[in-house]
Amino acid sequence: MVATNNHTKAEAKEEAKNLISPKDEMTEVTVTTEDLRVPKSSVVNRHGRSASFDRREIVIFSDFDGTIFLQDTGHILFDAHGCGSERRKVLDEQIKSGERTFREVSEEMWGSLNVPFEDGFEVMKTALDIDPDFREFHQFCVDNKIPFNVISAGLKPILRAVLDEFLGKKNSKNIDIISNDAEISRDGSEWKPVWRHNTPLGHDKAATIKEYRSTASSDSEDDQGPLIVFIGDGVSDLPAAREADVLFARKGLRLEEYCLEHRLPYIPFETFKDIQKDVTRIMAEDTHSKKSTGKAKYHNPRANFWRRMSSKQMVPMVIARTPVEERMYYWPEFSSVPRNATAIR
Ligand SMILES: [Mg+2]
């Protein structure tokens, strides 16, 4: 019995040695409570204050898989080195039908991998396509001092390595990644997501945006806080759709369907060029409206209602006890969308 225990401890020690540690150059994997907060650099504009003091601060949160990149990093890995595309389709169906949660299914998919990180990454280098206008859009954000953050249901070490590869390390450094983390054994036999939130989605993007809004707004001189833009495409983006001031949804995918079903205002896009055009217009209109009426034009009253309530410590309690699906239908009267509205352009 003792021998077994000793053996187990020795084994555990050996396994721990095989885990990639945060000190490794390749990736950071260990998560602390501090890591789980929205990074401070996402809240405070890392490039200094906005170019114009008259301009309302604007911050962008963008999904990664299917949004910045046209494919899904996880799917590429599962198909090449894990459960395979047939099993993945069955598992995807289980999420759609509600039989199992996104988090349960994701754990099975990531757990099916058996490939060292570096070898898995080689497949992604060739299989991934970046949105053709993303690089230019990112430069537009840097030039206009607009913080751009990735908000993802994926795994941080993968997302960072992909951004480093496709944008170069210097540009990649300008982007904060708010996502789940991972523990990956050195030999690739174990891939384990470290979830950001204890919810069926693993990363509740709505909670992350609320956290950002409440932190950023406490520094705001007026009642409206920064203009929050969210860009997404799929299932993991649905809860966040109601939290942004301006929402972009990739055309023809699940997030757009959801916006139409629930009459949420959104702007459809095909590439980041469309987003750049609209963000430029929105910044100008918002600034003009604020100068002439004292109120920003792009302002989500429902999301800001939550923000004000949360300062009284009430809402976090309510939210914590409310299942994610129900939260999507909360207080529709706070929606600013007319009954017959679809897109806002
Ligand atoms: Mg996506």
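The values are calculated or read from the model by the stated rules, or taken from the named source; none is laboratory data. Keep in mind the model is a prediction, meaning the values are calculated, not measured. Positions of Cβ are backbone-derived with ideal geometry, glycine not excepted, and every protein chain shown enters the neighbour counts.
Does any residue of the stretch 275-286 turn out to be within 16 Å of the ligand (Cβ to nearest atom) and either outside the structural domain of residue 71 (by TED's automatic domain parsing) or part of a helix (DSSP H, G or I) (or both)? Yes, the conditions are met somewhere in the stretch 275-286.
I want to confirm something. Restricting to the stretch 225-258 and keeping residues that are touching a residue at least 24 places away in the same chain (Cβ under 8 Å) and part of a helix (DSSP H, G or I), which single residue is surrounded by the fewest Cβ atoms within 10 Å (Cβ to Cβ)?
Filtering the stretch 225-258 down to residues touching a residue at least 24 places away in the same chain (Cβ under 8 Å) leaves 225-246, 248, 250, 253.
Okay, now just the ones that are also part of a helix (DSSP H, G or I), so 235-237, 239-242.
Details: 235: 18, 236: 25, 237: 30, 239: 21, 240: 25, 241: 22, 242: 25.
The extreme case among them is 235.
Residue 104 meets all of the listed conditions (1) surrounded by fewer than 17 Cβ atoms within 10 Å (Cβ to Cβ); (2) over 21 Å from residue 197 (Cα atoms) but one, namely (2). Are there any pairs with C-beta distances below 9 angstrom linking a residue in the stretch 53-73 that is within 12 Å of residue 272 (Cα to Cα) and at pLDDT below 95 to a residue that is more than 9 Å from the ligand (Cβ to nearest atom) and not in a strand (DSSP E or B), with the two at least 6 apart or on different chains, and if so which? Close Cβ pairs (under 9 Å, with a partner that is more than 9 Å from the ligand (Cβ to nearest atom) and not in a strand (DSSP E or B)) do not exist here. Kindly check whether there is at least one residue in the stretch 152-167 that is in a loop (DSSP other than H, G, I, E, B) and assigned by TED's automatic domain parsing to the domain that holds residue 282. Scanning the stretch 152-167 turns up no residue that is in a loop (DSSP other than H, G, I, E, B) and assigned by TED's automatic domain parsing to the domain that holds residue 282.
Quick one: count up the residues across the stretch 225-239 that are more than 13 Å from residue 58 (Cβ to Cβ) and away from the ligand (no atom under 11 Å from the Cβ).
1
Residues in the stretch 60-95 that are surrounded by fewer than 17 Cβ atoms within 10 Å (Cβ to Cβ) and either within 19 Å of residue 190 (Cβ to Cβ) or more than 15 Å from the ligand (Cβ to nearest atom) (or both): 8 in all.
What do you reckon, is residue 210 crowded, with 20+ Cβ neighbours inside 10 Å, modelled with pLDDT under 95, of a type in the set (Lys, Arg) and within 11 Å of the chain's Cα centre (by Cα)?
no
So is residue 127 within 16 Å of residue 189 (Cα to Cα) and in contact with a helix residue (DSSP H, G or I) (Cβ under 7 Å, 6 or more places away or on another chain) or not?
no
Kindly indicate whether any position in the stretch 124-138 is assigned to a strand (DSSP E or B) and either at pLDDT 95 or above or surrounded by 20 or more Cβ atoms within 10 Å (Cβ to Cβ) (or both). Yes, there is a match, as at least one residue in the stretch 124-138 is assigned to a strand (DSSP E or B) and either at pLDDT 95 or above or surrounded by 20 or more Cβ atoms within 10 Å (Cβ to Cβ) (or both).
Determine, yes or no, whether residue 201 is in a helix (DSSP H, G or I) and buried (at least 19 other Cβ atoms within 10 Å of the Cβ). So residue 201 fails the test. Residues in the stretch 259-273 that are surrounded by fewer than 20 Cβ atoms within 10 Å (Cβ to Cβ), part of a helix (DSSP H, G or I) and touching a residue at least 12 places away in the same chain (Cβ under 8 Å): 260, 273.
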